[in-house]
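Trainee: Okay, here's the structure, questions in a sec.
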Amino acid sequence: MCSPAVLDRAYREIEDGRARFGRRSFLAALGASAAGLGVSAAGLGAATAAATPARAGGDTAAVRAGTVIDLTHTLTPQFPVWPGNEQFAMRPVATFDTGRFAVNAMSLWEHTGTHLDAPAHIVRGGATVEALPVRDFVAPLAVVDIAGKAAQDDDAVVTVDDVAAWERQHGPIPPGALVAMHSGWETRLADPARFVNADALRIPHAPGFDRDAVRMLVHERNVVGLGVDTLSLDRAGDVGAHVELLGAGRYGIEAMANLATVPPRGATVVVGAPKHAGGTGGPCRVLALV
């Protein structure tokens, strides 16, 4: 935590309207950071490639080049969680009524909201969040759209054939990419029970990745991670996608937002991953640079 003097100065500057960090300065800083991480000029160029219209299930307006898209849901006590998990909770422990600062105490399980799965989530002795390579948190983003079949089948999955069809249309998935599934599932968020979609045995039913597709993406396309707009990388009753992905030392992002507004190819994803010692995962802020 910052010292009281630093906090007091920040507080005064915010009141005076001097502490501003606009989108233009953010992009400049991010570009500098990307250069420091070894991101190539070609990679940064891809991040600003002309966007394509959004897909079914989201905003149909074209995305402007230079756009930053938030792929993170706002976390609230009402956000759906896996059956049996505790809901996110937050309470004030300091307020402006009692002092100069406002502070909240938060309570949550690691795998809540838009969050990262580290290998240690399912692999005994697997890498924990603080040990994941930081270079893997800035990557080309490929979005595979299965919203059409997910509308007909709650347990639809991204298959090897889906990946092949994507590559025929958009070209090979770049090495070191994060591949995200867009199923349109976030349209159910207004009804948390429908988003979880649990059966009588409390097993959620929602789209995910087929195990064979994950194996191919890991070993033949060398992805750094996979993402989904549902609560799990796997469909109901399965753990194969988790095993193939996390068992290979890669990471997953679950409950992603706004994938309908990202072009299938050409964006760069930035994952603000958690870094608590021994963590099996944790909430993260995920951005797409288009």
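Trainee: Scan segment 132-141 and tell me whether some residue there is open to solvent by 30 Å² or more (accessible area, probe 1.4 Å), under 23 Å from Val214 (Cβ atoms) and part of a strand (DSSP E or B).
Mentor: Within segment 132-141, one or more residues are open to solvent by 30 Å² or more (accessible area, probe 1.4 Å), under 23 Å from Val214 (Cβ atoms) and part of a strand (DSSP E or B).
Trainee: Got a sec? Which of His205, His182, His242 is surrounded by fewer than 19 Cβ atoms within 10 Å (Cβ to Cβ), touching a residue at least 24 places away in the same chain (Cβ under 8 Å) and not β-branched (Val, Ile, Thr)?
Mentor: His205
Trainee: Sticking with this structure for a sec: Given the options Thr230, Thr261, Thr280, name the one that is under 21 Å from Ser183 (Cα atoms), of a type in the set (S, T, N, Q) and open to solvent by 10 Å² or more (accessible area, probe 1.4 Å).
Mentor: It is Thr261.
Trainee: What strands (runs of 3 or more DSSP E) lie completely within segment 173-255 and have 1 or more residues being closer than 21 Å to Asn85 by Cβ and among the acidic types (Asp, Glu)?
Mentor: On the way: elements: 178-182, 225-228, 251-254.
Answer list for segment 173-255: 251-254.
Residue-wise test of (1) farther than 20 Å from Val123 by Cα; (2) in contact with a strand residue (DSSP E or B) (Cβ under 7 Å, 6 or more places away or on another chain); (3) among the hydroxyl-bearing types (Ser, Thr, Tyr); (4) touching a residue at least 40 places away in the same chain (Cβ under 8 Å).
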position: Arg188; (1), (2), (3), (4): yes, no, no, no
position: Asp212; (1), (2), (3), (4): no, no, no, yes
position: Val224; (1), (2), (3), (4): no, yes, no, yes
position: Ala236; (1), (2), (3), (4): no, yes, no, yes
position: Leu246; (1), (2), (3), (4): no, yes, no, yes
position: Ala257; (1), (2), (3), (4): yes, yes, no, yes
position: Ala267; (1), (2), (3), (4): yes, yes, no, yes
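Trainee: Suppose the filter is buried (at least 16 other Cβ atoms within 10 Å of the Cβ) and touching a strand residue (DSSP E or B) at 6+ places or on another chain (Cβ under 6 Å); does Val163 pass it?
Mentor: Details: buried (at least 16 other Cβ atoms within 10 Å of the Cβ): yes; touching a strand residue (DSSP E or B) at 6+ places or on another chain (Cβ under 6 Å): no.
No.
Trainee: Suppose we filter Ala241, Ala200, Ala206, Ala213 for residues that are modelled with pLDDT under 95 and of a type outside the set (Lys, Arg); which single one remains?
Mentor: Ala200
Trainee: Output yes when any residue across segment 150-159 is within 19 Å of Thr114 (Cα to Cα) and either at pLDDT 95 or above or β-branched (Val, Ile, Thr) (or both), and no when none is.
Mentor: no
The values are calculated or read from the model by the stated rules, or taken from the named source; none is laboratory data. Computed from a prediction, not measured in an experiment: that's the story for all the values here. So basically every Cβ, Gly included, is an ideal-geometry build from the backbone, and we count neighbours across all protein chains shown. What goes into the accessible areas is simple: the full protein's heavy atoms, side chains included, and nothing from ligands, DNA or RNA. Shrake-Rupley method; radii C 1.70, N 1.55, O 1.52, S 1.80 Å.
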